[in-house]
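Heads up, the thing below is written out as structure tokens.
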């Protein structure tokens, strides 16, 4: 934190959104320097150097106690006395500037106190114990959280390990990261005296780590300025071009945004809606992005309209009036009030068009929403203070620190932060942590998926079922065998969408193992690191072979009465060995031969079918294997045989459309039957043995079984079974579905060709 220095001649890029604020900040810093040179004030007197901080703080917390700020400034100033920044200013100007940034954003007293002291332990003789003795444990924790680790102790790992330490501290108190972001903003503003290569290195870390963290914590005011500062350093030519575009637009006569803003004010005035309509100029990076997207920019592209109201309901009232009285661009509408973004952001987004084709984007929100949109978690005060201990209250907060208008508060640990903390513990070394952190933070958006138990999982956009498994179960997700998404079976590679319902199917075998293929579908660091650790600990291990190995063990005869038969095609010839399946025939006491084919199924023992045609022989169709009490119909085939089909069988419609007459058939009194079932499962060890055991326990005999080779961890089984009573079929199918790893069991129902 102490490495950056001020360069008054190079204040950095000034964003178009707040030029007056930046100018005021430079004046304040000059005043800081003069006040700091005068040294400590008289005891109990409020130092002039922090008067601007107090002014900004009182704007948010009129009744805040100032004694902690006074004592913190006195300790910081005396500790840093004699230290100078490279610009020649007293070093105390840096913690003062950081504290001013936080005060203007609405940080509460404890955060400001820690901000004044944030460099004392790192750069002076002040110890953490002294900070605790004088200011309490909370302030000590915040100061410790932002204190760098020494390069003498950590070498090249000092930076990544410092960030790891800071993130762990943020997991317990998000105010740690608030101080760090403000610290980085002031250092970026004053980076001009550094060597170009050091400027670039700091800018890259800011781009890859700090800016995404500011976005995730919702601190847009810091994020947008950091983006512009990084843009100026890393892309100076594009920055200069963008600056020319903004300057050129400022010299044009007529401002379409101002004209549309006046029209919006008139519409809302006539509707008797109290609202403040402002023009929000885009910052440099935003203008650059719009220019790349749209090509030539028009006047309305350089900013957006912001409509501020008092109540949530007024937001929708404004929206209705604009869409009624102006020309809305419906495709631009988004409701982030009903469904807030993961970083607390709430607002209605829409756009209206003028007759000349210019389109103005409009943001509609309450004043409280706007404060949170600008300052994120900083605007929430102290989210950890018990109601009785919260001393800083503003006109917009209740005594317990919650927003007075009932809008939601930030959880103490956002979902994305919990995930980050989970995987960072498993990162084997600083380099892996550092590279994985940047990858994680590069994922822009978070989605929420719902679990069957009513809980939710927060995942980055693009996450798959693999990621959901490791987010929910950690390393126990090695045993995941599949998923249902929105009630339907899905592969583990399925990409999830916001609002999806996800049921993860877990195997029971402790020897279950992840597949190397899962790495291709793992989007989150937690999933990738867990899979990589398992693969590294099990060289040559790969779960994709599990189902094949189990099928091999099954063919070798783990159960009595089973033998392997050569697969046959429909004509009875041996199937093409390039597309082999494993066919297992059941040896019954009568000595069953090869399994029946769909074209010539054996007549099941005891299944009595009564025909309306005398002298004909009934045969159950292999395509749908009807059983009592299925509704059935018959069709005559060669040799005087009548094939019996379930009425919903596709073959029935096909034969009726071809003019084949139906023959009336019905079941007799005998209920023993034969049926073909399809079982869909995920591959895992011992699955086939468990399935056949479930079948046997239901009293069914296996006439034949076919197991296809696994595809994408999925295995398809076909069983022809003899049941002593057709009424037991539903119970049999339930028992098969209850076998871990089996996700569906269905009756045979062959699809007819479309031509």
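Spot the failing condition for residue 415; the list is (1) in contact with a strand residue (DSSP E or B) (Cβ under 8 Å, 6 or more places away or on another chain); (2) at pLDDT 80 or above, and only one is missed.
Only one criterion in (1) in contact with a strand residue (DSSP E or B) (Cβ under 8 Å, 6 or more places away or on another chain); (2) at pLDDT 80 or above is unmet by residue 415, namely (2).
Kindly indicate whether any position in the range 338-361 is modelled with pLDDT under 85 and in contact with a strand residue (DSSP E or B) (Cβ under 7 Å, 6 or more places away or on another chain).
Yes, some residue in the range 338-361 is modelled with pLDDT under 85 and in contact with a strand residue (DSSP E or B) (Cβ under 7 Å, 6 or more places away or on another chain).
Criterion first (in contact (Cβ under 8 Å) with a residue 40 or more places away in the chain, farther than 24 Å from residue 381 by Cα and in contact with a helix residue (DSSP H, G or I) (Cβ under 8 Å, 6 or more places away or on another chain)) does residue 80 satisfy it?
yes
Return the residues of the range 41-54 that are at pLDDT 90 or above and farther than 14 Å from residue 109 by Cβ; say none if nothing qualifies.
51, 52
Rundown of residues vs (1) under 21 Å from residue 162 (Cβ atoms); (2) over 38 Å from the mean Cα position of the chain (by Cα); (3) outside the structural domain of residue 55 (by TED's automatic domain parsing), yes/no style:
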{"site": "71", "(1), (2), (3)": "no, yes, no"}
{"site": "77", "(1), (2), (3)": "no, yes, no"}
{"site": "106", "(1), (2), (3)": "no, no, no"}
{"site": "116", "(1), (2), (3)": "yes, no, no"}
{"site": "134", "(1), (2), (3)": "no, yes, no"}
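So, in the range 323-368, how many residues would count as being touching a helix residue (DSSP H, G or I) at 6+ places or on another chain (Cβ under 8 Å) and surrounded by 16 or more Cβ atoms within 10 Å (Cβ to Cβ)?
23
Report whether or not residue 481 is in a strand (DSSP E or B), at pLDDT below 85, more than 26 Å from residue 343 (Cβ to Cβ) and assigned by TED's automatic domain parsing to the domain that holds residue 427.
Spelling it out, residue 481 is indeed in a strand (DSSP E or B), at pLDDT below 85, more than 26 Å from residue 343 (Cβ to Cβ) and assigned by TED's automatic domain parsing to the domain that holds residue 427.
Which ranges mark the helices (runs of 4 or more DSSP H) fully within the range 125-178 that have 1 or more residues being modelled with pLDDT under 90?
151-154, 158-172
Within the range 304-314, is even one residue in a strand (DSSP E or B), in contact with a helix residue (DSSP H, G or I) (Cβ under 9 Å, 6 or more places away or on another chain), within 28 Å of residue 461 (Cα to Cα) and without any contact (Cβ under 8 Å) to a residue 60 or more places away in the chain?
Checked against the condition, which is being in a strand (DSSP E or B), in contact with a helix residue (DSSP H, G or I) (Cβ under 9 Å, 6 or more places away or on another chain), within 28 Å of residue 461 (Cα to Cα) and without any contact (Cβ under 8 Å) to a residue 60 or more places away in the chain, the range 304-314 yields at least one hit.
Check off (1) closer than 30 Å to residue 504 by Cα; (2) at pLDDT 85 or above for residue 701 and give me the number that stays unchecked.
(1)
Of the residues 97, 107, which is assigned to a loop (DSSP other than H, G, I, E, B) and crowded, with 16+ Cβ neighbours inside 10 Å?
107
Six or more apart or on different chains, Cβ atoms under 7 Å: show the pairs whose first residue is in the range 44-67 and free of Cβ contacts under 8 Å to residues at least 12 places away in the same chain and whose second is surrounded by 14 or more Cβ atoms within 10 Å (Cβ to Cβ).
Close Cβ pairs satisfying both conditions: 58/64.
Determine, yes or no, whether residue 691 is in contact with a strand residue (DSSP E or B) (Cβ under 8 Å, 6 or more places away or on another chain), crowded, with 19+ Cβ neighbours inside 10 Å and closer than 13 Å to residue 719 by Cα.
yes
Is it true that some residue in the range 646-655 is surrounded by 15 or more Cβ atoms within 10 Å (Cβ to Cβ), at pLDDT below 60 and not in a loop (DSSP other than H, G, I, E, B)?
no
Quick check on my filter: what residues within the range 248-258 are in contact (Cβ under 8 Å) with a residue 24 or more places away in the chain and either in a helix (DSSP H, G or I) or in contact with a strand residue (DSSP E or B) (Cβ under 7 Å, 6 or more places away or on another chain) (or both)?
Passing the criteria: 249, 256, 257.
For the list (1) over 33 Å from the mean Cα position of the chain (by Cα); (2) assigned by TED's automatic domain parsing to the domain that holds residue 363; (3) at pLDDT below 95; (4) buried (at least 17 other Cβ atoms within 10 Å of the Cβ), I need the number of the one condition that residue 277 fails.
Condition not satisfied by residue 277: (3).
Would you check if there is a residue in the range 680-688 being in a helix (DSSP H, G or I), modelled with pLDDT under 85 and either in contact with a strand residue (DSSP E or B) (Cβ under 9 Å, 6 or more places away or on another chain) or in the same structural domain as residue 488 (by TED's automatic domain parsing) (or both)?
Yes, the range 680-688 contains a residue that is in a helix (DSSP H, G or I), modelled with pLDDT under 85 and either in contact with a strand residue (DSSP E or B) (Cβ under 9 Å, 6 or more places away or on another chain) or in the same structural domain as residue 488 (by TED's automatic domain parsing) (or both).
Is it fair to say residue 205 is surrounded by fewer than 20 Cβ atoms within 10 Å (Cβ to Cβ), part of a helix (DSSP H, G or I), in the same structural domain as residue 111 (by TED's automatic domain parsing) and free of Cβ contacts under 8 Å to residues at least 24 places away in the same chain?
So residue 205 does not fit the description; no.
The values are calculated or read from the model by the stated rules, or taken from the named source; none is laboratory data. What you see is a predicted model, and the numbers here were worked out from it, not measured in a lab. Here the Cβ is made from the backbone with ideal geometry for all residues, glycine too, and neighbour counts use every protein chain on show.
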